[in-house]
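Chemist: I have a structure here, written as structure tokens, and I will follow up with some questions on it.
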Amino acid sequence: MTTAGQTPTQTQELPATPEKSHWLAVSSVALGTFLLVTAEQLPIGLLTSVGSALSISEGTAGLMVTVPSIVAAFAAPLVPMLVGAMDRRILLLGLMTLMTLSNLVSAVAPNFAILVGSRVLVGIAIGGFWAVASGLAVRLVGPADVPRATAVIFGGVAAANVFGVPLGTLVGDFAGWRIAFTSLSALALVTLVALLAVLPKLAASQAIRPKLLLEQFRNPGVRVGIIATVLIVFGHFAAYTFVSPVLQDLSGIDERYVGPLLFGFGVAGMIGNFVAGSALSRRVHRSVLTIAVALAVAMPLFLLLGQSAVGGVILLIVWGLAYGGVSVGLQTWMIKSAPQAVEAASSLWVAVFNLAIGLGALVGGVIVDTLNLQSVLWLGGACVLLAALSIWTARNNDALR
């Protein structure tokens, strides 16, 4: 028998339920997601110092962020396909080794070409690791604990925004950008040792093939999840990329307070991540819909209620709480929609997630330059509202209740 979220062609076996929960392994994977996001976004705080040291413009230096994001989007489905039935423990260890070495190359790069080349390798590691790790909860804990374990794994994403990127930038400011990349390599090595120590064997439940990836689009739950991911992530980054000028120009907040407020946004995101994880264990569809509606309201409300400092701060915290639940919410949605093909569905999800990040920031920049700052808030809200409508259409999907 198939549910509303499955298709008759999905005849693969469900991932084996573990005999015991491996919470230390879950924590080590969370450390890995912390590292991935830190590695992807750290160069944002190092653009000026890298540009000055290697005699390039800050715009060119921005390729350190763009390149790994794009590479990760393609690596997410390709890496699982290329490795076939390889034990996922070995794959994750190999990818973390690649992360360790590539950041070391970044630290000693004599010119920008080699630095960008090392960032290509970082992108491969990010895409491949995230594609496998995002669906690991079902392999590491019992069914009842899957939403909570998924929240822990994606807690690393929020923690990177709160602690990883700011601390890495601080290291770069005081000790130099090369030391910042060296520190990132050292963190990757620590993560590698942790994974080696606590991660159990993870035999591939199925080999990922192009046909299996394409079959996921026949699954209505997966289709809605992909559409919602594109719209939410695109809309968020189109607006959030310019949250600093929004706070200053619209809410009248002094520039010196923007940094602490963004830290508060990150803390709110961590809280939202775990609140969503708890809610998802009871109602997946309702929880994801609530997250989308809250985001759709928060962004355009800046134009009405964010004209004061108090209103701007309140809306920023609401925005952070809502967006904090996006990753765990949408990943849980994909797991529930495709229980027989978690890794394949997760690979597609990671790919579109990373593409939406880059495209959202790019389109947002064009709109700010050609129209005005207010327009990106309208765009972000409109995109997430469309995502909410898409999510609502899956209300009768038994797998998502």
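The values are calculated or read from the model by the stated rules, or taken from the named source; none is laboratory data. Because the structure is predicted, anything quoted here is derived from the model rather than measured. Quick reminder, even Gly has a Cβ in these numbers, built from the backbone with ideal geometry, and neighbours come from all protein chains shown. Quick note on the areas: whole protein, heavy atoms, side chains included, nothing else; ligands and nucleic acids left out. Shrake-Rupley method; radii C 1.70, N 1.55, O 1.52, S 1.80 Å.
Chemist: Under a 10 Å cutoff between Cα atoms, tell me which one of Ala387, Ala160, Ala194 has the largest fluctuation in the Gaussian network model of the chain.
Modeler: Ala194
Chemist: Restricting to Cα pairs below 8 Å that are 6+ residues apart, what does the relative contact order work out to for the chain? Please round to a whole percent. Mind dumping the intermediate values first?
Modeler: Numbers: 710 pairs, mean separation 108.7, N = 401.
Relative contact order here is 27 percent.
Chemist: Residues of segment 240-392: accessible area per residue at 1.4 Å, in Å²?
Modeler: Ligands and nucleic acids excluded, the result is 39 Å² per residue.
Chemist: In what order, largest first, do Phe217, Phe112 sit by accessible area if the probe radius is 1.4 Å?
Modeler: Phe217, Phe112
Chemist: Separate question: Which whole-Hz ³J(HN,Hα) couplings does segment 359-366 yield from phi under the Karplus relation 6.51 cos²θ - 1.76 cosθ + 1.60, θ = phi - 60°, glycine and proline marked x?
Modeler: Listing the rounded values in order: 5, x, 5, 5, 5, x, x, 5 Hz.
Chemist: Same structure, new question: Within the chain, what's the longest run with no GluC sites (Glu not before Pro) in a DSSP loop and at most 14 other beta-carbon atoms within 10 Å? Give the range, please.
Modeler: Looking at the chain, 20-401 is the longest stretch - no exposed GluC sites (Glu not before Pro) with at most 14 other Cβ atoms within 10 Å.
Chemist: Let me ask you something else. As a test of reading the structure, rank Ser375, Ser346 by solvent-accessible area (1.4 Å probe, protein chains only), most first.
Modeler: Result, largest first: Ser375, Ser346.
Chemist: Still on this structure: Go through Val352, Val310, Val230 and list them by solvent-accessible area, largest first, probe radius 1.4 Å.
Modeler: Correct descending sequence by accessible area is Val310, Val230, Val352.
Chemist: Loop-only check: which trypsin sites (Lys or Arg not before Pro) in segment 161-225 are DSSP coil with at most 14 other Cβ within 10 angstrom?
Modeler: Working: sites: Arg178, Lys201, Lys211, Arg218, Arg223; in loops: Lys201.
Filter output for segment 161-225: Lys201.
Chemist: Can you give the Kirkwood hydrodynamic radius of segment 284-401 from its Cα pairs, in Å with one decimal?
Modeler: 15.5
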